[in-house]
Amino acid sequence: MITKAFSSEVLFILDCSGSMWGRVDEQPKISIAKTVLKDLLNDVPDEIGIGLLAYGHREKGNCDDIELVSKIGASRQELIQKLLNLNARGKTPIEKVLRQSADVFPKKNTTNAVILISDGIETCQGDPCGYIKTLNEKGISLTIHVIGFQVSSKADEQLRCIAAEGNGGYFFAGNTQELKTALQSLKESIVEKKPPPAPPVVAEVEQKETKSKRLKLLGPGIVTLKPASWVTMPPKYWSLVDAETGEQVTRSNADSTRVKAGEYQLSWHQNEHKSTNVLLTATVTVKSGEKVDLPVDTGLRITIPQGISPPKWWSLNDPETDTVIARFSGPMISQVIPAGRYTFLWRQKEHDATTVNLGTHELKPGILNDIKLDMGFNIQPAEFLSKPFYYVALVNKQNKIIGKWKNLTAQLAPAGEYTIIIRPTEHHHNEIVWSKITIPEHGFVDVPIDSGIKFIHDQSTKPPYGIFFINLDTKKEIFVKQTWETLPLPPGRYRLDWWESEHQSKRQTLLEEFELEPSVLLELEI
């Protein structure tokens, strides 16, 4: 296999720690970073090989949550799709991610470059600047450019050191436009092979000797909730957790609370028994002695059609790990949820239905997202079928059951092509392949169950061990065991076999061929 040769190779490292949900220009920093980086990637020449490394995007509080999302030289389409699917959750292991970045490049040469975009300082007890110094002492050259995205002075100092020791440029980006400018400047320097502009020099302040010291204790700040009009207040409780570690710092059910200075994420518990504790993407920077507002404005409103009752529960799951992010039951009210991309699971009944995957949805920050669930199927049994079926199932093209239901009301199901399976009873019938259906993006498909077999027999006559209906076209058998109950049977050509008793007889054919027409109840007199 021949590896494509690139004029330069660039590895982007994107900070996906929890603090990246902090807002700049009324948008989360993670959303801004993904959008700006996507636009830049579309503008970089194909002769530049690009890779993407991310950290903190999968798990809260895990210093090993580092992943090479897209290797050097992968297609731009693949890289951008992986970029847009990233979430922000965890910590900031900068030294570990720099160690991993050194092994990413297929070939070690002077045209390799790392571009680190971070909004914070190392939080996993690493020493990233010291690590780069060690590389330099060993004669290992790795060019590292750094963009500090609205960072504190302490983080700014560490990131500047990384860039300086990495023979790269440093840029402070305080807003969206400054982030665009920094990335554009780095792109031009790499494409044109020019050194990036030197970071501004920070003048050193001369230290004067003092004869006394004063220790000033930093008091707490005040965080006040600013819920959107659709939010049901008050919740059971809400809490602030450290944006990097996930540690709960304070908890309240009032409109405001006092908390020490720091960067926090909002955790929300709407109802004690009908909702889980939901870690939101909203973050807030608290400064000592200051007041700050925390908007609660990202949510989900689900609309279901008449005839569909509220489910036992519904949940939002991570599409990659299937981890439950939020789960609710009870009335279908608007819920406070985190922004992101989720798999939507629906459990209509606790015991009479299985969990159904209703697809993947992207929930945007700062708005009440609307999802209209108006797709599914409706079983319509004929009057001669007096008893409910043991279950009805939907089977997809991959021959996988996507849902089972015991009641015969309208049911929600994802759009797609399926086969309807019916099992009339638990012990006296096998599964019956009824028909194929196509569920649209919006709308319900009616499934009439209106053809079948009725046995006419003397009241004193016991049913045989088994009666078999063999479809002459598909060769599939439908088995009726020890019952005279009316049987739903799809239209078609059949052979009828009879088995008197399980051990003292053998199977025999009673009728070589008969045809069951649509919408017909065929009476078989025994």
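The values are calculated or read from the model by the stated rules, or taken from the named source; none is laboratory data. Remember, predicted model here, so these are calculated numbers, not experimental data. Cβ sites come from the backbone with ideal geometry, for glycine too, and all protein chains shown count toward neighbours.
One residue alone among ASP450, ASP473, ASP458 is more than 19 Å from PHE514 (Cβ to Cβ) and acidic (Asp, Glu), and that residue is ASP458. Within the range 491-526, the only residue that satisfies the criterion of being under 17 Å from TYR465 (Cβ atoms), in a loop (DSSP other than H, G, I, E, B) and under 52 Å from the mean Cα position of the chain (by Cα) is GLU502. The range 214-292 holds strands (runs of 3 or more DSSP E) entirely within its bounds, and those carrying 2 or more residues that are surrounded by fewer than 17 Cβ atoms within 10 Å (Cβ to Cβ) map to 221-227, 248-252, 256-259.
Looking only at the range 127-138, residues that are assigned to a loop (DSSP other than H, G, I, E, B) and at pLDDT 90 or above come to 1 in all. Pairing each residue of the range 138-163 that is over 23 Å from GLN177 (Cα atoms) and in the same structural domain as LEU116 (by TED's automatic domain parsing) with any residue that is assigned to a loop (DSSP other than H, G, I, E, B) and basic (Lys, Arg), provided the two are 6+ apart or on different chains, yields C-beta distances under 9 Å for ILE140/LYS108; SER141/LYS108; LEU142/LYS108. Screening the range 92-113 for residues that are modelled with pLDDT of 90 or more and part of a loop (DSSP other than H, G, I, E, B) and picking the one that is surrounded by the fewest Cβ atoms within 10 Å (Cβ to Cβ) gives PRO93. Residues in the range 354-371 that are in a strand (DSSP E or B) and either small (Gly, Ala, Ser) or assigned by TED's automatic domain parsing to the domain that holds LEU489 (or both): GLY359 alone. ASP497 meets the stated requirement of being farther than 30 Å from LEU412 by Cα, buried (at least 17 other Cβ atoms within 10 Å of the Cβ) and not assigned by TED's automatic domain parsing to the domain that holds GLN380. Any residue at all in the range 429-448 that is in a loop (DSSP other than H, G, I, E, B), in contact with a strand residue (DSSP E or B) (Cβ under 9 Å, 6 or more places away or on another chain) and surrounded by 18 or more Cβ atoms within 10 Å (Cβ to Cβ)? So far as the range 429-448 goes, no, none of its residues is in a loop (DSSP other than H, G, I, E, B), in contact with a strand residue (DSSP E or B) (Cβ under 9 Å, 6 or more places away or on another chain) and surrounded by 18 or more Cβ atoms within 10 Å (Cβ to Cβ). Within the option set GLY120, GLY166, being small (Gly, Ala, Ser) and over 26 Å from the mean Cα position of the chain (by Cα) holds for one residue only, GLY166.
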